Amino acid sequence: MSYKRVHFANHNYVYEDPPPPSPSLTNSSIPSSSSPDPPSPPPEQFGYHPGVFQSSPPPYSRIHNSSLDAYDIPIPKPVQIHYLLAYQPYTEPPLIYDFSYPPTSITGLFNPATLHEPATSPAQQKLTIICPLLQDEIEVTPSSTLPDASVTVLDILNTVHRRLRHQISHGEYSALPEGEIRNSVDRAYYARCARVGDMEARRREEGKGIKKLDLLMGKNYFSGLSGTLSGPDVWELNVS
């Protein structure tokens with residue numbers, strides 16, 4: 001099989017640096033016996049799975065100190081990911097999605113209305129997605145313009161899809177390790193272009209060059225988000 005020349009974008013995309021990592025807390029952390037129990041997080045049957053980190057919104061607990069009569073400190077509340085987004089390596093995912101196509105192609109056994117539910121509980125107004133196969137982070141913000149809007153399940157899938165459609169520059173391609181990784185990216189590029197049925201449209205797609213989607217090396221299916229050690233607002237994208 002003979003390969004045509006790989007094309008590149010003419011510039012790099014520049015993104016803001018991520019915020020500093022939040023303090024590490026585990027889901028096993030609990031208040032002392034003298035403190036009232038915080039409200040229980042939504043159980044999994046309501047659509048959320050536990051994350052690795054915890055955020056620190058209310059409620060508050062009354063803590064006593066020898067030098068102070070009493071003061072209030074926040075009790076961390078677990079951050080949970082929506083069940084449609086949760087990484088579950090040993091079960092069939094409820095959501096089936098190939099990033100090669102728009103999110104309108106999503107299938108699975110779920111109510112389509114759940115795509116518009118908050119991606120996390122508690123809801124957040126910004127999330128960062130990382131992936132070992134990609135060269136930069138993906139920041140997700142709400143598509144809604146309402147002041148109290150939060151990131152939804154569909155916001156995450158739409159944003160990742162759009163970012164994966166970006167071209168990579170020659171510099172980004174040169175940063176790839178030579179050998180099997182670079183060859184796998186090339187093969188993903190040619191395979192993606194070959195799926196375009198119309199010959200003229202295929203040539204146009206080839207001319208657009210390697211895209212970030214090709215950095216996944218053919219692993220284009222969404223497999224869920226897993227928690228990270230970088231904070232409750234940073235989640236790792238798993239693909240297959």
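The values are calculated or read from the model by the stated rules, or taken from the named source; none is laboratory data. What you see is a predicted model, and the numbers here were worked out from it, not measured in a lab. In this analysis, Cβ positions are derived from the backbone assuming ideal geometry, glycine residues included, and neighbour counts consider all displayed protein chains. The accessibility values were calculated without ligands, DNA or RNA, using every heavy atom of the protein model including side chains. Shrake-Rupley method; radii C 1.70, N 1.55, O 1.52, S 1.80 Å.
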Regarding the stretch 73-90, can at least one residue be identified that is open to solvent by 70 Å² or more (accessible area, probe 1.4 Å), under 27 Å from Arg162 (Cβ atoms) and either under 16 Å from the mean Cα position of the chain (by Cα) or at pLDDT 55 or above (or both)?
yes
Working only within the stretch 167-177, note down all residues that are open to solvent by 50 Å² or more (accessible area, probe 1.4 Å) and of a type in the set (Ser, Thr, Tyr).
Ser174
Might you check whether a residue that is touching a residue at least 24 places away in the same chain (Cβ under 8 Å), aromatic (Phe, Trp, Tyr), within 30 Å of Pro78 (Cβ to Cβ) and out of contact with any Gly (no Cβ under 6 Å at 6 or more places or on another chain) occurs anywhere in the stretch 214-223?
yes
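Each row is one residue, and each column tells you yes or no for (1) more than 21 Å from Cys193 (Cβ to Cβ); (2) open to solvent by less than 20 Å² (accessible area, probe 1.4 Å); (3) touching a helix residue (DSSP H, G or I) at 6+ places or on another chain (Cβ under 9 Å); (4) modelled with pLDDT of 95 or more.
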position: Pro118; (1), (2), (3), (4): yes, no, yes, yes
position: Ile130; (1), (2), (3), (4): yes, no, no, yes
position: Glu139; (1), (2), (3), (4): yes, no, yes, yes
position: Pro147; (1), (2), (3), (4): yes, no, no, no
position: Arg165; (1), (2), (3), (4): no, no, yes, yes
Filter the stretch 196-230 down to residues that are on the phi > 0 side of the Ramachandran plot and buried (at least 22 other Cβ atoms within 10 Å of the Cβ), then give me how many there are.
1
Are any residues in the stretch 103-114 closer than 23 Å to His166 by Cβ and either surrounded by 16 or more Cβ atoms within 10 Å (Cβ to Cβ) or within 14 Å of the chain's Cα centre (by Cα) (or both), and if so, which ones?
Pro103, Ile106
Of the conditions (1) under 30 Å from Gln124 (Cα atoms); (2) of a type in the set (A, V, I, L, M); (3) open to solvent by 50 Å² or more (accessible area, probe 1.4 Å); (4) modelled with pLDDT of 95 or more, Ile156 fails just one. Which one is it?
(3)
Before we move on, is Pro59 surrounded by fewer than 16 Cβ atoms within 10 Å (Cβ to Cβ) and at pLDDT below 95?
yes
